[in-house]
Amino acid sequence: MRSLLNPTPAQAWLLLVIAGLLETAWAVGLKYTNGFSRPLSSLAVVATALASFWLLALAMKALPVGTAYAVWVGIGAAGAALLGIILFSEPATLARIGCIALIVAGVLGLKLLHD
């Protein structure tokens, strides 16, 4: 088993999923920084973003850049949209849910086509 600093493809996918979840967290966290005027929230967002970028970079050691970046963005975009609906009462229209489903389908397609 290799170190996570030099991941196998399977480890890279796990790192990529965690990086995408962290991207969701920092994107939603931006709402709580009030334009970076709240120091603790702002520090938490910056730290989470850095962790997300670092894990993405590690995953890219074993995965193609286009696939890794698209999956990372897809997880973050779908996650932020879903959390916007749950946390901030953003509209949950059928069209919006359908578009989120298309993002998820694209991420799954990239994963399936990579293996």
If you go through segment 59-79 one residue at a time, how many are open to solvent by less than 30 Å² (accessible area, probe 1.4 Å), under 12 Å from Val28 (Cα atoms) and among the hydrophobic types (A, V, I, L, M, F, W, C)?
1
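Can you find a residue in segment 82-101 that is among the hydroxyl-bearing types (Ser, Thr, Tyr), within 10 Å of the chain's Cα centre (by Cα) and open to solvent by 50 Å² or more (accessible area, probe 1.4 Å)? Full working, then the answer.
From segment 82-101, those among the hydroxyl-bearing types (Ser, Thr, Tyr) are 89, 93; that's our starting set.
From what is left, the residues that are within 10 Å of the chain's Cα centre (by Cα) are none.
The answer is no; no qualifying residue exists.
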By residue number, the members of segment 58-115 that are within 16 Å of Leu16 (Cα to Cα) and among the aromatic types (Phe, Trp, Tyr) are Tyr69, Trp72
Test set (1) more than 16 Å from Val28 (Cβ to Cβ); (2) touching a residue at least 40 places away in the same chain (Cβ under 8 Å); (3) open to solvent by 40 Å² or more (accessible area, probe 1.4 Å) - Leu56 fails condition number
(3)
Among (1) under 17 Å from Pro9 (Cβ atoms); (2) of a type outside the set (A, V, I, L, M, F, W, C); (3) in a helix (DSSP H, G or I), which single condition is Lys61 missing?
(3)
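The values are calculated or read from the model by the stated rules, or taken from the named source; none is laboratory data. Computed from a predicted model, the values in this text were never measured in an experiment. Please note: Cβ atoms are built from the backbone with ideal geometry, for glycine as well, and neighbour counts cover all protein chains shown. To get the accessible areas, we keep the full protein, side chains included, count just its heavy atoms, and leave off ligands, DNA and RNA. Shrake-Rupley method; radii C 1.70, N 1.55, O 1.52, S 1.80 Å.
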